[in-house]
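Report on the structure given below.
The values are calculated or read from the model by the stated rules, or taken from the named source; none is laboratory data. Just so we're clear, the structure is a prediction, and the values are computed from it rather than from any experiment. Methodologically, a virtual Cβ is constructed for each residue, glycine included, from the backbone with ideal geometry; neighbour enumeration extends over all protein chains shown. Accessible surface is based on the protein model in full, side chains and every heavy atom, while ligands, DNA and RNA are left aside. Shrake-Rupley method; radii C 1.70, N 1.55, O 1.52, S 1.80 Å.
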Amino acid sequence: MNRRFLTLATAAVAAAALTACTAGDRSAPALGSQPKPSGSAAAALPAATIELWHGFSADSEVKAFEDAVAGFRKKFPQITVKLTKGVQDDQITQAVRGGTAPDVAASFTTDNVAQWCRSGVFQDLTPVIEQDGVDLSVLPAAARSYTEFEGRRCTLPMLADAYGLYYNKALMKGEQPPKTLSELTALAKKLTVRDADGNIEVAGFIPSFQYYENSPSHLGPMVGAKWYNEDGTSAIGSDPAWKKLLTWQKELVDWYGHDKLDRFRKGLGDEWGAEHPFHEGKVAMAVDGEWRNAMIANNAADLDYGTAPIPVADDRPELYGSGFTAGTVIGVPKGAKHPQHAWELVKHLTTDTGSLVTLSNALRNVPTTKAAMDSPDLKKDANFQTFLDIFNHPKTSTLPPNVNSVFNQEAFTAFLVEWEKGAVKDLDAGLAGVDKRINDKHKLSGG
């Protein structure tokens, strides 16, 4: 048994101990029951069949994943990889708890990484990363951040999303994309078109937190807002950046008129359909992810548009060029039957330039390594390059991992709905209330 396999097997045992109360009766396989490679080279791995679960479901997405795995099969012809599509996070967790975990699992969201790392649902990859000399510095700091928790790097980034500003060039009429919040406000008002009764026909920019990608995590980087203090408690009420963002946002909502803006928003097309309001020229500027480029190409090929970084607070010019990022993560669940084989596949899909470029070209997400972003085989134009630059910007941020991530985001968003419709009279008190909800949950979960 070579040293690399021993390390992963040990990680599996540690994970079993961490999740003894929740992961069912099955423990990590005994070391003696595992294959014993004849040499230390990865190519000497014995023949095996491993399972990979992922969330992709559309035919084109599934094919892209198959194409990326094809490169691994060439490296390791003795390893058969069975792919299962359309798998969600709760299915992964339940499979681990029920003792039927796949060897490798990928997730679209980073929301569960903290819980997976803490509980041991996913194995800590740190030992094998270090042993194999995987250089994590090829990943931006934000991507390194959202794949680990409490010192356990239980996932690696495979593809990323970056968020920027899309603008309709025809509606802009020669105006340049705004770089500051004050410029965004002025241009949003200038580009808005109303009918005789004041109803919105074209919105320059929709400031509602209920509009598609306008979540607080995506807009918070405009002002450099912080979610948590070092002890894991909420910083939403104490960080003045949030108050700055919300004050700016509410003033623009009030300029539109909340009811008129809400009625306009609710009458818009589906975010994921061909009748998206940006495609149809009903919204001049919008915050969205890099994938919108592919959707425009498929559904509104004649649209003349551009992309730029999100505008930032007037007093934070150093933030311009950055934004929010998160993305697809992949790892080795507890109970994987072939952990060494699984690690080789994870390593291939997250570090092999050809595989990352294949996935990016097909799915139009951002590849996560510098080599893949710089590859001449990567399909990119000016509009896609914007998001590569945002992802790679040193001040680009992400939502810090937290075991209560979903709850915390929902608690804040629920408050923001009340805030923008005018039901909150004291912003400071309201934000303190959000802090209390998050901190109470934090205490219950053990910090």
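Couple of notes before you dig in:
- Qualifying residue in segment 385-392 (condition: part of a loop (DSSP other than H, G, I, E, B) and crowded, with 16+ Cβ neighbours inside 10 Å): no
- Assessment of segment 237-247 against the conditions (of a type in the set (Ser, Thr, Tyr), modelled with pLDDT of 95 or more and assigned to a loop (DSSP other than H, G, I, E, B)) yields at least one matching residue.
- Qualifying residue in segment 252-262 (condition: out of contact with any strand residue (DSSP E or B) (no Cβ under 7 Å at 6 or more places or on another chain) and not in a helix (DSSP H, G or I)): yes
- Of all residues in segment 294-315, those satisfying the criterion of being within 22 Å of the chain's Cα centre (by Cα), closer than 21 Å to Ser217 by Cα and open to solvent by less than 20 Å² (accessible area, probe 1.4 Å) are Thr307, Ala308, Ile310, Pro311, Val312.
- Tally, over segment 419-432, of residues that are touching a residue at least 12 places away in the same chain (Cβ under 8 Å) and more than 14 Å from Pro216 (Cα to Cα): 6
- Pairing residues of segment 53-64 that are assigned to a helix (DSSP H, G or I) with residues that are open to solvent by 70 Å² or more (accessible area, probe 1.4 Å), at Cβ distances under 7 Å and at least 6 apart in sequence or on separate chains, gives Val62/Lys85.
- Summed over segment 218-241, the residues that are out of contact with any Gly (no Cβ under 6 Å at 6 or more places or on another chain) and open to solvent by 10 Å² or more (accessible area, probe 1.4 Å) give a count of 14.
- Residue in segment 341-350 that is farther than 30 Å from Thr100 by Cα and acidic (Asp, Glu) present: no
- Failed item, numbered, when Arg118 is tested on (1) touching a residue at least 40 places away in the same chain (Cβ under 8 Å); (2) within 27 Å of Glu61 (Cβ to Cβ): (2)
- Scanning segment 266-287 for residues that are open to solvent by less than 10 Å² (accessible area, probe 1.4 Å) and either more than 21 Å from the chain's Cα centre (by Cα) or not aliphatic (A, V, I, L, M) (or both) yields His276, Pro277, Phe278, Val283, Ala284, Met285.
- Flag for Leu45 being closer than 18 Å to Thr368 by Cα, open to solvent by less than 40 Å² (accessible area, probe 1.4 Å), in contact with a strand residue (DSSP E or B) (Cβ under 8 Å, 6 or more places away or on another chain) and touching a residue at least 60 places away in the same chain (Cβ under 8 Å): no
- The lone exception for Asp315 - which of (1) assigned to a loop (DSSP other than H, G, I, E, B); (2) touching a helix residue (DSSP H, G or I) at 6+ places or on another chain (Cβ under 7 Å) it fails: (2)
- Count - residues of segment 316-339 that are in contact with a strand residue (DSSP E or B) (Cβ under 7 Å, 6 or more places away or on another chain) and open to solvent by 40 Å² or more (accessible area, probe 1.4 Å): 2
- Single residue of segment 66-100 satisfying the filter (of a type in the set (D, E, K, R) and closer than 17 Å to Ser119 by Cβ) that is surrounded by the fewest Cβ atoms within 10 Å (Cβ to Cβ): Asp90
Residue by residue, here is whether (1) within 22 Å of Glu290 (Cβ to Cβ); (2) buried (at least 19 other Cβ atoms within 10 Å of the Cβ); (3) without any contact (Cβ under 8 Å) to a residue 24 or more places away in the chain holds:
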site	(1), (2), (3)
Lys370	yes, no, no
Thr396	yes, yes, no
Phe407	no, no, no
Val434	no, yes, no
Ile438	no, yes, no
Gly447	no, no, no
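- Residue within segment 340-350 that is part of a loop (DSSP other than H, G, I, E, B), open to solvent by 10 Å² or more (accessible area, probe 1.4 Å) and not β-branched (Val, Ile, Thr) present: no
- Flag for Pro221 being in contact with a strand residue (DSSP E or B) (Cβ under 8 Å, 6 or more places away or on another chain) and farther than 22 Å from Asn168 by Cα: yes
- Residue check, Asp161 at pLDDT below 95 and either at negative phi or in contact with a strand residue (DSSP E or B) (Cβ under 9 Å, 6 or more places away or on another chain) (or both): no
- So Gly120, is it on the phi > 0 side of the Ramachandran plot and surrounded by fewer than 21 Cβ atoms within 10 Å (Cβ to Cβ): no
- Qualifying residue in segment 354-366 (condition: among the β-branched types (Val, Ile, Thr) and open to solvent by 20 Å² or more (accessible area, probe 1.4 Å)): yes
- Ala203 part of a helix (DSSP H, G or I) and open to solvent by less than 30 Å² (accessible area, probe 1.4 Å): no
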